[in-house]
Amino acid sequence: MALADEEPMTSQPHRKGLKRAAFAAGAALTVVAVAGAAPGAGAAPQSKPGVPELKLIAASKSVTLDRWEWDGQAGVNLDLGTYVSVDNAPLEFKVTRKSYKDPVVAEQILRDGTKTKTKKLPAGLVNDFSGLPGFLEVSVTDASGAEVATSKGTFCPNNASGRIRPDAPATSHYPQSCPTNPFTLGSVWGVEKGWAANTSTIDYDKPVDLPVGEYTATVSVAKKYRDLFGIPDDRPTIKVTVRQESDGGEGVGLRSAAAHGGHGAHSAHAGGQAAGDTGHHYGTRGADAPTPPALSHALEDRGLAHHLGDGKGHTDGSRIAPALKANAKEPTGRASVPANAPKPDLRSLPAWGFEITDGEDGDVPGRDYLAFSANVWNAGPAPLVVDGFRSPGQDLMDAYQYFYDANGKQIGYTPTGTMEWDPRVGHEHWHFTDFASYRLLSEDKTKEVRSGKEAFCLANTDAVDYTVKNANWHPYNTDLSTACGEQNSISVREVLDVGSGDTYTQYRPGQSFDITDLPNGTYYVEVLANPAKRLKETNLNNNTSLRKVVLGGTPGARTVSVPPYDLIDAP
C-alpha cells in the first residue's frame, strides 16, 4: 500500500505528572495522511463477504520524538505513526460482561450487507475494555543494530482513525475511545471499512528512555492476532530521531483544554497547572480534562465528528441527544409526564480510586480525608435532560427535567429541584442538586458516619455501557466546557446520555470524607443516585452501590485498604 506522506512526524511529550490513561497519537499527526491510494484508485480488495481485511501500515518512513524529563523520570513516547487499515468490511467488536462476577467476553461482529454473524474471541484474550492487549510488538535498534528497547501495546480500534480511500464512509459511527473505567459493563470497538486506526499506545508509568540519537523501530502484529484475523506478517520499519526537549513542552491538560474549547476559568485552570501550579490535578475529572480516555491529538485538532443519527449504514441504534442549548425560557402551563414517556435509568457504580489525603481545595489543612472516585451512569432508554432557569439577581436556578418521544419531540416536563453556582476553584460552574449523594456507613451498614456531595454538573465523562438500548456512541458534552454554564448564565442545559456516566475523581474539591476522628476499622462507601427521588426514572431500585474499605494507621498517617469487588480489583 502506497503512503501519501513520507515526511518526518514529530510527537510532543506527555508528562507523567499530567498523565491520562489514553491512546494517543502525535500532536502533529494528520490522520488523513494515511491515504492508501491516490484519488480514484483502488476499490476495496475482494475477500470473503463480511470479513474485514486488515493490514499493518506506517504513515511515514521516519519520525522525530522528544525525550522529556519530568518529576525525576525521563523517556520517549513511542508514537511511531503505525495504523491498522481495514477494508472489505468493518472491523467491529462487542465487549461485555454479565456482572462483576463474570469475566469479560469479546465477540467480533461480521457484517455482510443485511446479514450479521458473531465470532467469539478466545476466552481470556480480552480481560478489560481498553482494547486488544499485546497486539503490537515494537523492537528498537541503535545504529550498530543492537536491540535497545522493546514494547508491547494494546490496540484500541476506536483510537484516532481516518480514511484510506476516497470512497470510504465520510465519518465513523463507532465510539471515539476505549473505556478504562474499572467498572465498565459493555463497550463497542470498531473501524469503518476503508479506514485505518492508529495503533500507538502510551504507558505513562513505563516510559521508554532512549538517549538522543538515531534508531530504527520495527513494528509487527503479534502472531496470535495475525492468526486470529488473517493479518499479513508485514513489519514496517521506521527511522526514529530522538531529540532532547528544550522548550519545556506543553502539558497534556493545557493542550486538551484548548482543543476542546475550554472556556473561561477552566482554560485558566489548565494553564495554571501546566505552568507549575500543583494545587490541582488532572484525571478523569481533574481540572476539567476531557474524558473518556483522551482522543489522539490528530482527532482533536481536526474537530470531533458528530454522530449523524439513525439511518443507512448505522446499525447501532444510536440517537442524538437533544441539543445542549437550554430552552429559551422557563416552561409555563401544567407540568406533566406522560405515562409512556421514555425515561432514563440512573445507576451508581462502586467507588474506586481511594486515597488518604490531607485535603484538597476547601478542606481543612492538617486533617485526614478519605478521597475516592464515583460515577453515576444512565442505562436508558432515554437521556437525562435537565434545564436550569435563573431569575435575574438570584443565585439559584429552577431546574426541570424534560422528556422526549422516539423522534426527539418534547412531550413533557416536571420540576426537579434547583441548580446552584459552585464558586470553588476546580468547579466554577452550575451544579444540579440532588443528583447523587455519598455516605460512609458503619461495618454493619446501619449507621451513617459521614455524608456529602449532592450537587453535580452533569457530563458524559465515561462510556460505561454502549451496548444498552439507545446508547449514544457520540455524546456531545464529554467535558465540562460545554455542559455546566458560566457564572453569568441565565439558563443551562445538562445532559447525561444513554450508556454514559459522570465520574468525579478523588482529585475534585469536596470529593472526600473527613476521617480524622474515626476509629480504624471496616466501613462502606455508599454511592446513591437520585437520593431525593425527584428525577423520574424507569427504575428506582438499582440506584445504590456499596464499596468496602478498611481504615488503619495513625492520625496524620492514616491508611486505607480496599478489597476487590467481585472480579474487579480496583482499589
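The values are calculated or read from the model by the stated rules, or taken from the named source; none is laboratory data. These figures come from a predicted structure and were not determined experimentally. So basically every Cβ, Gly included, is an ideal-geometry build from the backbone, and we count neighbours across all protein chains shown. Accessible surface is based on the protein model in full, side chains and every heavy atom, while ligands, DNA and RNA are left aside. Shrake-Rupley method; radii C 1.70, N 1.55, O 1.52, S 1.80 Å.
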Problem set entry | Residue-span extension gain [Asp227 to Lys98] - 0.36 nm each, minus C-alpha spacing | 43.6 nm
Exercise. Distance in nm between label sites at Lys447 and Thr114, each 7 Å beyond Cα in the beta-carbon direction?
Worked result: 6.6
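Whole number in Å², please: accessible area per residue of region 98-166, 1.4 Å probe, ligands, DNA and RNA not counted.
Numbers: 3550 Å² over 69 residues.
Result: 51 Å² per residue.
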For this session: Sort the following peptides by mean Cβ neighbour count (other Cβ atoms within 10 Å, averaged over residues), highest first: 124-132, 463-471.
Result: 463-471, 124-132
Problem set entry | Computed accessible area, Leu567, all protein chains, 1.4 angstrom probe, square angstrom | 110
Exercise. Measuring from label point to label point, each 7 Å out along Cα→Cβ, what is the Thr357 to Val105 span in nm?
Worked result: 3.9
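At a Förster distance of 22 Å, what's the computed FRET efficiency of Ser489 paired with Ala335, Cβ-Cβ distance as r, to 0.05?
Numbers: r = 23 Å, r/R0 = 1.03.
The calculated FRET efficiency here is 0.45.
For region 54-110, what is the Kirkwood hydrodynamic radius in Å, using each pair of distinct C-alpha atoms?
Working: mean 1/r = 0.0643 Å⁻¹.
Radius from the Kirkwood sum: 15.5 Å.
When ranked by the protection proxy of mean other Cβ atoms within 10 Å per residue, highest first, what sequence do the peptides 369-377, 234-242 form?
Details: 369-377: 25.7, 234-242: 16.8.
Per-residue Cβ counts within 10 Å, averaged per peptide and sorted highest first, yield 369-377, 234-242.
From the cross-link list Lys119/Lys223; Lys447/Lys548; Lys224/Lys469, which pairs have alpha carbons spaced over 24 Å apart? Mind dumping the intermediate values first?
Numbers: Lys119/Lys223 19 Å; Lys447/Lys548 14 Å; Lys224/Lys469 33 Å.
Result: Lys224/Lys469 exceed 24 Å.
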Exercise. So which lysines can Lys329 reach, going by Cα to Cα under 29 Å and dropping same-chain residues fewer than 8 places off?
Worked result: Lys343, Lys409, Lys453, Lys533, Lys536
Problem set entry | log10 of Debye I(q)/I(0), alpha-carbon scatterers only, for region 80-128 at 0.13, 0.16, 0.25, 0.32 Å⁻¹ | -0.42, -0.59, -0.95, -1.16
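If you take every residue apart from Val221 with its C-beta less than 13 Å away from the C-beta of Val221, what net charge results, scoring Lys and Arg +1 and Asp and Glu -1?
Values: positive: Lys55, Lys152, Lys223, Lys224, Arg226, Arg235; negative: Glu137, Asp227, Asp233, Asp234.
Every neighbour counted, the sum reads +2.
Say R0 is 30 Å: what FRET efficiency, to the nearest 0.05, do Ala406 and Asp203 get from their beta-carbon distance? Walk me through the numbers on the way to the answer.
Values: r = 43 Å, r/R0 = 1.44.
Computed FRET efficiency for Ala406 and Asp203 comes out at 0.10.
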For this session: Rank these residues by their accessible area, most exposed first, probe 1.4 Å: Leu78, Leu346.
Result: Leu78, Leu346
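Determine the gain in length on full extension of the stretch Val550-Thr237; use 0.36 nm per residue of separation and subtract their C-alpha separation, reporting nm with one decimal.
Values: separation 313, 0.36 × 313 = 112.68 nm, distance 5.07 nm.
Taking 0.36 nm per residue and subtracting the Cα distance, the gain is 107.6 nm.
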Problem set entry | Distance (nanometres) between label positions extended 7 Å along Cα→Cβ at Ala328 and Thr150 | 6.7
